[in-house]
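Asks: Here it is: the structure, laid out below.
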Amino acid sequence: MTDSPSSHPHPAAPGGGRRQLLLIVGLFALPMLIAGVLAAIGYMPEGRKAYGEVLTPAKPLPETAITVDGQAFPLATPQWFWTMVVRVPKTCDATCVERLNLIPNLRETLNRRAEKLRFAILDPLPPGVTAFAGLRGVYYLQQFPAELNTGLPQPETDLRLGLVDPSGYFVMRFPEHAELKPVRRDLGKLVL
């Protein structure tokens, strides 16, 4: 019985498997190498920009503020709470009231991290705002740091939001008439 040449596979070329392995490793390593070079030269893609204005440098705040019932309100928290500062205009129309009633939803969209966000309201709420009533983690401040007043002045026609990190630094502010969906996206990236 003779073996036909077609019944035996051709022997592999010497070093062919090694070349294929190096090619595969190179294909996987190339994107990492490019990313490392781009990071080293400081390239930041445009799509990574926050909606809110990131304050650089962040403004350190005093350790405490005072609530309307005279209690100390710690701005730096060992429990790692973020504080959403809410400024309310003196004259708040129906649209403003509606938006104020939606603010607590920002916390609920954080799901299991919702307890890591609390609200500090710096101005009196207008009639018709009921969303904050009985809600845990809502504080009405009577005396608050001047840095918050200058960095986040009372708005003219619509609410204005700011963010204080767990270390007590004023780190971000949102414009008057801010859309809440992009605010929610920023919170989702920060509140961990």
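A short reminder: the numbers here are calculations on the coordinates, not readings from a lab. The structure presented is a predicted model; accordingly, all values stated were derived computationally and were not measured. Note that each Cβ is placed from the backbone with ideal geometry, even for glycine, and that neighbours are counted across all protein chains shown.
Asks: For ALA131 paired with ASP93, estimate the spin-label separation in nm (one decimal), with each label point 7 Å from Cα along the Cα-to-Cβ line.
Replies: 1.9
Asks: Would you kindly state how much longer the chain becomes between ILE24 and ARG184 on full extension, computed as 0.36 nm times their sequence separation minus their alpha carbon distance, in nm to one decimal?
Replies: On the way: separation 160, 0.36 × 160 = 57.60 nm, distance 4.06 nm.
53.5 nm is the gain from fully extending ILE24 to ARG184.
Asks: Right, something else. For the range 73-192, just run the numbers: alpha carbon Rg, then divide by 2.2 N^0.38 Å, N being how many residues it has. Walk me through the intermediate numbers first.
Replies: On the way: Rg = 13.2 Å, N = 120, 2.2 N^0.38 = 13.6 Å.
That works out to 0.97 for the range 73-192.
Asks: Also, quick follow-up: Based on the mean of other beta carbon atoms within 10 Å per residue, what is the order of 164-176, 83-95, most packed first?
Replies: Numbers: 164-176: 19.3, 83-95: 17.6.
Put in order of decreasing packing, that is 164-176, 83-95.
Asks: Using helices alone, I'd like the mean residue ellipticity at 222 nm for the chain: each DSSP H run of four-plus residues gives -39500 (n - 2.57), total over residue count, nearest 500. Present the calculation step by step, with values, prior to reporting the outcome.
Replies: Details: 4 runs with 57 residues, N = 192.
About -9500 deg cm²/dmol.
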